[in-house]
Each structure stands twice: as C-alpha cells, then as structure tokens.
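Beneath this line is the structure, given in structure tokens, with notes to follow.
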Amino acid sequence: MRMQALPSTVAAPKAWRTVDFISDLHLHEDDPATAAGFAAYLRDTPAQAVFLLGDIFEVWIGDDAAAAGSFEAGIGHLLREAANSRELFFLHGNRDFLVGEGFLREAGLTLLSDPCLLTLHGRRWLLSHGDALCLGDTDYQVFRAQVRSPEWQSNFLAKPLEERRAIACGLRRASEARKASDADYADADTALTQAWLTEADAGVLIHGHTHRPADHRLDDGRQRIVLSDWDLAAEPPRAQVLRIAPDGEPRRIALA
C-alpha cells in the first residue's frame with residue numbers, strides 16, 4: 001500500500017523557530033480535565049506553529065454539531081484564539097475525519113493531506129495520523145476505506161443530527177469494549193513506513209494513532225516517532241508534546 005500521491009509540502013518560514021506536534025487528545029465534554037489542559041497548552045506554548053495530527057476530538061459527526069454553546073464550539077473558540085498568534089495545522093484522524101471546511105475556517109485551522117511533508121530546520125519530516133500504516137488491523141482498514149469514501153460521508157451527513165449522535169455513541173461503546181478486552185492493536189507496518197519515507201525522501205516520520213509513544217530507529221538512519229495520547233483524568237495523567245526547537249532536535253515535553 002503505497003502513498004496515493006506524493007504528499008503536499010509545508011515549507012517552514014525562518015520565523016518558525018519552535019514547532020509543536022500533538023495528537024490523540026480525544027476531546028469530549030465528559031473529560032473536562034483534558035480540555036482544560038489543552039486550553040492551558042494553547043495559551044502557554046512558545047511554538048510559532050502547532051501541528052494537530054488527528055483525533056483531536058473523540059468523535060466528530062459533522063460541523064453542524066458545533067452549534068453555538070456546544071462543547072465543540074468551545075474548542076473551536078480556543079483554537080481561533082490561538083490561531084491569532086501562531087499557525088495551526090490539522091490532519092484528520094480516525095475519530096475526526098468528518099471535520100469539514102466550515103469548522104476549519106471558524107477555528108483558524110489549515111487542513112493537511114495525510115501524509116504531509118514538512119521542511120523545517122534543513123530536514124524533511126513526514127507527518128501522518130498513522131492509521132493508514134496499521135495494515136495488520138485488517139478489519140479497521142476495510143472500515144477506513146468505507147468511511148473515507150465521498151459517498152459514505154455524504155449519506156452519513158445527510159442523516160438527522162440525533163441519528164448521527166446515536167451511531168457515534170454505538171461506535172464509541174464498541175471501541176471502549178475492545179479496549180477493555182485487552183485486544184492486541186496493530187502497530188505501524190515497518191515495510192510500509194520505510195516505503196513512505198523513501199517516496200517522500202524524508203528522514204523522520206511523526207505520527208499518532210497507536211497510543212504507543214516511542215522513538216523507533218529504522219534502516220539508513222531513518223526514524224519513526226510516535227506521539228502520545230492525552231488523558232488528564234487518567235492516573236497518572238498523560239499530556240505530552242513533541243517539540244522541535246531551533247537546534248532541529250525533537251524532544252518530548254511532558255505537560256502533566
């Protein structure tokens with residue numbers, strides 16, 4: 001499974017001295033601690049650009065769910081405030097792939113392709129949510145192909161909002177049940193990762209999705225960096241940022 005096309009490129013301007021990467025916050029109204037931590041992060045980060053690499057929301061059932069006064073609208077307001085002082089980029093995840101142009105515009109987010117190539121501090125960094133790399137999860141790959149099709153998305157978004165909420169709740173319950181069963185989740189496929197990096201002529205892949213933060217050394221000195229998920233209600237709490245500072249070296253910053 002190769003990339004469908006060479007990734008689009010974001011060329012970092014010289015003004016970007018510090019750049020942050022986060023993913024898998026899974027924000028929802030029943031977890032105010034993580035939402036509050038995200039608000040504090042957006043307020044305090046020194047980064048000139050922040051890359052949100054998918055699953056920022058636990059679920060997204062359409063931009064019309066972000067009505068005034070909703071939890072989603074509140075997060076959109078936080079993002080818009082942050083976008084006034086730094087660049088914000090967003091890449092769809094497996095939970096929030098239906099985030100559309102309306103919300104992106106309101107929140108001040110620039111949508112990225114998956115994967116996307118970032119040139120920063122003289123290096124080429126490949127960015128992805130990571131779910132497309134998990135070939136071992138065959139059931140999910142079939143589901144992903146279905147729900148990413150324009151026809152499926154059009155049919156789903158045409159359903160009444162409450163029906164979409166019910167469907168999303170069912171999917172979330174199924175996901176929680178799978179977690180509780182200690183099912184083995186597939187990791188990113190090494191051969192496909194290497195192929196993507198070769199096609200993009202990049203040295204490092206940064207992704208989320210697996211909730212397995214680690215730094216993997218690959219062939220020819222290349223690297224796969226996996227982002228942490230966030231859960232500030234957990235014990236111990238999790239909230240981590242991958243930050244690339246002016247020296248060009250990626251470092252993990254623990255916020256909790």
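Restricting the search to region 47-72, which residues are surrounded by 16 or more Cβ atoms within 10 Å (Cβ to Cβ) and aliphatic (A, V, I, L, M)?
Keep residues of region 47-72 that are surrounded by 16 or more Cβ atoms within 10 Å (Cβ to Cβ), which gives 47-63, 65-66, 71-72.
Of everything in region 47-72, those that are surrounded by 16 or more Cβ atoms within 10 Å (Cβ to Cβ) and aliphatic (A, V, I, L, M) turn out to be ALA47, ALA49, VAL50, LEU52, LEU53, ILE56, VAL59, ILE61, ALA65, ALA66.
Within region 103-133, the set of residues being over 16 Å from GLY93 (Cα atoms) and either in contact (Cβ under 8 Å) with a residue 24 or more places away in the chain or open to solvent by less than 40 Å² (accessible area, probe 1.4 Å) (or both) comprises GLU106, ALA107, GLY108, LEU117, LEU118, THR119, LEU120, HIS121, GLY122, ARG123, ARG124, TRP125. Number of residues in region 177-193 that are at pLDDT below 80, open to solvent by less than 70 Å² (accessible area, probe 1.4 Å) and closer than 17 Å to GLY136 by Cα equals 1. I'd like the full set of residues that are at pLDDT 95 or above and acidic (Asp, Glu), limited to region 205-234. Passing the criteria: ASP215, ASP229, ASP231.
Residues in region 134-159 that are of a type in the set (Gly, Ala, Ser) and either within 24 Å of VAL226 (Cβ to Cβ) or assigned to a loop (DSSP other than H, G, I, E, B) (or both) were compared, and the one that is least open to solvent (accessible area, probe 1.4 Å) is SER149.
Put simply, of GLU87, GLU81 the only residue that is within 16 Å of the chain's Cα centre (by Cα) and either at pLDDT below 95 or farther than 21 Å from ARG238 by Cβ (or both) is GLU87.
For region 73-91, enumerate the residues that are in a loop (DSSP other than H, G, I, E, B) and either free of Cβ contacts under 8 Å to residues at least 24 places away in the same chain or crowded, with 23+ Cβ neighbours inside 10 Å (or both). Steps first, answer last, please.
So the first thing to find is which residues in region 73-91 are in a loop (DSSP other than H, G, I, E, B), and the list is 84-86, 91.
Answer for region 73-91, where residues must be in a loop (DSSP other than H, G, I, E, B) and either free of Cβ contacts under 8 Å to residues at least 24 places away in the same chain or crowded, with 23+ Cβ neighbours inside 10 Å (or both): SER85, LEU91.
Here is a yes/no grid of residues against (1) within 19 Å of the chain's Cα centre (by Cα); (2) part of a strand (DSSP E or B); (3) within 23 Å of PRO13 (Cβ to Cβ); (4) in contact (Cβ under 8 Å) with a residue 40 or more places away in the chain:
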| residue | (1), (2), (3), (4) |
| --- | --- |
| GLU199 | no, no, no, yes |
| ASP220 | no, no, no, no |
| PRO236 | no, no, no, no |
| LEU242 | yes, yes, yes, yes |
| GLY248 | no, no, yes, yes |
| ALA256 | no, no, no, yes |
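Considering only region 7-57, how many residues are of a type in the set (Lys, Arg) and either out of contact with any helix residue (DSSP H, G or I) (no Cβ under 9 Å at 6 or more places or on another chain) or in contact (Cβ under 8 Å) with a residue 60 or more places away in the chain (or both)? Full working, then the answer.
Step one: list which residues in region 7-57 are of a type in the set (Lys, Arg), which gives 14, 17, 43.
Those left that are additionally either out of contact with any helix residue (DSSP H, G or I) (no Cβ under 9 Å at 6 or more places or on another chain) or in contact (Cβ under 8 Å) with a residue 60 or more places away in the chain (or both): 14, 17.
So the answer is 2.
Within region 235-247, being open to solvent by less than 70 Å² (accessible area, probe 1.4 Å), of a type outside the set (A, V, I, L, M) and at pLDDT below 95 holds for one residue alone: PRO246. Here ALA174 clears all of (1) open to solvent by less than 70 Å² (accessible area, probe 1.4 Å); (2) touching a residue at least 40 places away in the same chain (Cβ under 8 Å) except the condition numbered (2).
The values are calculated or read from the model by the stated rules, or taken from the named source; none is laboratory data. Just so you know, these numbers come straight off a predicted model, no measurement behind them. Every residue, glycine among them, receives a Cβ derived from its backbone with ideal geometry; neighbour counts consider all protein chains shown. The accessibility values were calculated without ligands, DNA or RNA, using every heavy atom of the protein model including side chains. Shrake-Rupley method; radii C 1.70, N 1.55, O 1.52, S 1.80 Å.
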